[in-house]
Amino acid sequence: MAAALIQVQHAIYPVTLVVEVTEEPGDQDVSLSQLQEQITAFAAHGIQFSLDDVSTGDNRYAQIKPLLPLASELKFAMQNFRTEQRAKEIQPALQFWRQVAEQYNLRLIVEGIENADDEQLLDQLELPFRQGYYYGRPHLFDY
């Protein structure tokens, strides 16, 4: 898979491929050092690295801190907080991750924008990178 992604990056250049690491059970355990090595190899070929769902599941700061210097972006999923009945924690968590993103010079993308209140909160926090159903539903492109 890694070789295929590198091939794709070379084929689509100057567009940049971003590999997003999510928490999904796999058939193999991957160590931190293996992950760091692969991220470094991807970076050598112009591929960026994204950490998904920060602050939920196992993607807490302490667990992902060693990967932050290698990352290009963080993704914060507001919908995960709502699902976990943690909506009141969204604003302080966003403030924390904004500071982390600034410290490591990373993009912070906020997912799960569902309404104008969400958009207003992100405007107040000056977080410009957003995605969610508020902006439209996913759809296939017409060719």
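Nothing in this text is a laboratory measurement; each read-out follows from the coordinates by a stated rule. Computed from a prediction, not measured in an experiment: that's the story for all the values here. A quick note on method: Cβ atoms are made from the backbone with ideal geometry, for glycine too, and the neighbour counts reach across all protein chains shown.
Quick look at the numbers
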item: Among (1) 24, 18, 14; (2) 26, 20, 15; (3) 27, 15, 14, the entry that matches semi-axes √(5λ) of the Cα gyration tensor in Å as calculated here; result: (2)
item: Residues M1, M78, sorted so that the one with the fewest Cβ neighbours within 10 Å comes first; result: M1, M78
item: For the chain, calculated [θ]222 nm from helices alone, where every DSSP H run of n ≥ 4 adds -39500 (n - 2.57); result: -12000 deg cm²/dmol
item: Charge dipole (the chain, unit charges on Cβ, about Cα centre) - positive-most of L17, M78, Y61; result: Y61
item: Order by protection proxy (mean Cβ within 10 Å, highest first), peptides 134-143, 10-19, 121-130, 66-75; result: 66-75, 121-130, 10-19, 134-143
item: ³J(HN,Hα), Karplus 6.51/-1.76/1.60, whole Hz, each residue of region 127-143, x for Gly, Pro; result: 10, x, 8, 9, 8, x, 4, 4, 8, x, 8, x, 8, 6, 7, 8, 9
